[in-house]
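Report on the structure given below.
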Amino acid sequence: MIPRPVTSRNVGPGTTLADGMVIAADGPGQGAAALLATELEAATGWRVHRAGPGAQSPHGAVRLQVGPEPMADEGYRLRVTESGVDIVAASAAGAFYGTRTLRQLLPPALLRSAPARPVGTVHVEGLEIDDAPRFQWRGLALDVARHFFPKDFILKLIDLAGLHKLNVLHLHLTDDQGWRAQIDRYPRLTQVGAWRRQSPLGHQGDGRFDGVPHGGFYTKDDLSEIVAYAARRFVTVVPEIDMPGHMQAAVASYPELGNITRQLEVFTDWGISEHVLNLEEPAVRFCAEVLEEIMDIFPGPYVHIGGDECPTTEWEASPRSPRLCQMLGLSGAHQLQSWFTAQMSKVVAARGKRLIGWDEVLDAGAPPGSVIMAWRQHHAAQAAVQGARAGHDIVMAPEPWTYFDWAYADDPKEPLAIRPSISVEHAYSFEPVPAGFPEELQHRVIGAQCQLWTEYVTTARHAEYMYFPRVCALAEVAWSPRGRRWEEFEPRLRRHTARLDALGVNYRPLDGPTPGQARTWSEPER
Ligand code: TNX
């Protein structure tokens, strides 16, 4: 099972589930029970009955009970005895995680969407599992800006996140190369900003372009559907609107938000555009109004405003910025971003939410209460300590372990990637609390997150390849207690791939890409 539970031991003879089984739940456990019933009915073709607390059945029973239990918020206890499967939890989320564990205790075929062959009775071994997550933030980020991904793929990803007990989906919705969220007040963001003329071919800097338009966007209803689908799986969707840099798509849509008079197009190259927002009143109002609409769609407690990689060249060069700085009481353009972040923090706080930023927002001081995502390769550990000292909660997302846009191996067989390399073993070796992190600040590290940037990832199949099985490793890093060993994980992961097969995930086999996944041809084994 992945992630590994805190404790698990075999006891007694276990139980049998069959056509006509019941799933019993009380109030708060009903959501998880209904989802499990739907999933099992689909996979088996059985009739799965819903019942009230304590139900028994000759065809097998799964009972979910949510009550004031002395256990961690998302924790659960699972017992498999002759009388059935009992899941006890302190919260609805805990009950849901109990059902995810149960799905992994059943044969992989029961993860399918319909029975591939008749399913008779299913035996579940006698077991006692006590489990709870190590971290409260167990995240997976997807960049839908560099390449647009269809809604169906995002829903599949949410299911996979839930199965692995991840609870955050961070959507990077905007960037220089595309704007992906419908905003009523600014329709050109999706009429203009969602589309680019072409994309780089091969590696950035090869100087070749494909000449093929690309784009797409999610309507408000699409996003609300994603949010609701995720909520049923106890996944919080965190929207990121990257500002004030990575904004060329917005500036192309509304040139008055920029710093130059030349009409820009949506960026057709990778890398960091120098064309950032000007921070005059209309641009700041634009950002606030966009965030307001975003907060109407995403009910979660967090709003990510990016804040990474914002070049100040245009601000330094702009004849208007000395006056702006003077008006704001700033000593120079280098202070503009910090001032801007504070403004956005007020917008977010007014709705009772918390701002998240990449670790650059710490450089000139981040607003109190904001959450920092520590990512920069040689800087993340230091940024984490600095942020924690300043009273911020920290999500660890350091490049060398969690950037799943990096190749699996430095091998020409691997599909084109931004750079080498993060093997599954290396991803598994990630320790979210950096070595030497001050003891008294460790509670500030609230979790870990992997990211898939998609400059080089154009299809859902390729995204699945980059995520899996590294996401399995990250899920265990974020959920399971310390003391992980690769030698123990690796055989478990090999068995887990049967589940990914049943779910139709285009994962990278542990021994290397299949001929259909590889970039260069090599003879398939006979
Ligand atoms: C850095 S992580 C970025 C992204 C790129 C990524 C490529 C971060 C906050 N910024 O814009 O896509 O590297 O690995």
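Please treat every number below as a calculation from the coordinates, not as lab data. Values in this document were obtained by computation on a predicted structure and should not be read as measured data. As a convention, Cβ positions derive from the backbone with ideal geometry for all residues, glycine included, and neighbour counts pool all protein chains shown.
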If I ask for residues that are within 16 Å of the ligand (Cβ to nearest atom) and surrounded by 22 or more Cβ atoms within 10 Å (Cβ to Cβ), which ones from segment 257-270 would you list?
Val266, Phe267
Name the residue that is nearest to the ligand (Cβ to nearest atom), counting only residues in segment 369-381 that are without any contact (Cβ under 8 Å) to a residue 40 or more places away in the chain and in contact with a helix residue (DSSP H, G or I) (Cβ under 8 Å, 6 or more places away or on another chain).
Arg376
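Tell me the strands (runs of 3 or more DSSP E) entirely within segment 47-121 that contain at least 1 residues that are in contact with a Pro (Cβ under 7 Å, 6 or more places away or on another chain) and under 13 Å from Pro28 (Cα atoms).
Details: elements: 49-51, 61-66, 76-81, 84-89.
The qualifying strands (runs of 3 or more DSSP E) are 61-66.
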Over 30 Å from the mean Cα position of the chain (by Cα), closer than 16 Å to Met1 by Cβ and not hydroxyl-bearing (Ser, Thr, Tyr): does that describe Leu110?
no
Are there any pairs with C-beta distances below 8 angstrom linking a residue in segment 297-308 that is touching a residue at least 12 places away in the same chain (Cβ under 8 Å) and of a type in the set (Ser, Thr, Tyr) to a residue that is more than 16 Å from the ligand (Cβ to nearest atom) and assigned to a strand (DSSP E or B), with the two at least 6 apart or on different chains, and if so which?
Tyr302/Thr236; Tyr302/Arg354
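Which of the residues that make up segment 452-473 are within 16 Å of the ligand (Cβ to nearest atom) and out of contact with any helix residue (DSSP H, G or I) (no Cβ under 6 Å at 6 or more places or on another chain)? Before you say what the answer is, go through the steps one by one.
Keep residues of segment 452-473 that are within 16 Å of the ligand (Cβ to nearest atom), which gives 452-458, 462-463, 466-467, 470.
Scanning segment 452-473 gives Trp453, Thr454, Glu455, Tyr456, Thr458, His462, Ala463, Met466, Tyr467.
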From Phe209, Phe234, Phe217, residue being within 26 Å of Leu155 (Cα to Cα) and in contact with an Asp or Glu (Cβ under 9 Å, 6 or more places away or on another chain):
Phe234
Within segment 337-368, considering residues that are within 13 Å of the ligand (Cβ to nearest atom) and β-branched (Val, Ile, Thr), the one surrounded by the fewest Cβ atoms within 10 Å (Cβ to Cβ):
Ile356
Just one of the numbered conditions (1) in contact with a Phe, Trp or Tyr (Cβ under 9 Å, 6 or more places away or on another chain); (2) touching a residue at least 40 places away in the same chain (Cβ under 8 Å); (3) over 12 Å from Val238 (Cα atoms) is not true of Leu277; which one?
(2)
Of all residues in segment 31-46, which are in contact with a helix residue (DSSP H, G or I) (Cβ under 9 Å, 6 or more places away or on another chain) and either without any contact (Cβ under 8 Å) to a residue 12 or more places away in the chain or assigned to a loop (DSSP other than H, G, I, E, B) (or both)?
Trp46
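From the set of residues in segment 290-333 that are of a type in the set (Asp, Glu) and touching a Lys or Arg at 6+ places or on another chain (Cβ under 9 Å), which is nearest to the ligand (Cβ to nearest atom)? Talk me through it step by step, then tell me what you get.
From segment 290-333, those of a type in the set (Asp, Glu) are 292-293, 296, 308-309, 314, 316; that's our starting set.
When the remaining residues are screened for being touching a Lys or Arg at 6+ places or on another chain (Cβ under 9 Å), the result is 292-293, 296, 308.
Details: Glu292: 23, Glu293: 23, Asp296: 25, Asp308: 3 Å.
Per the criteria, the residue is Asp308.
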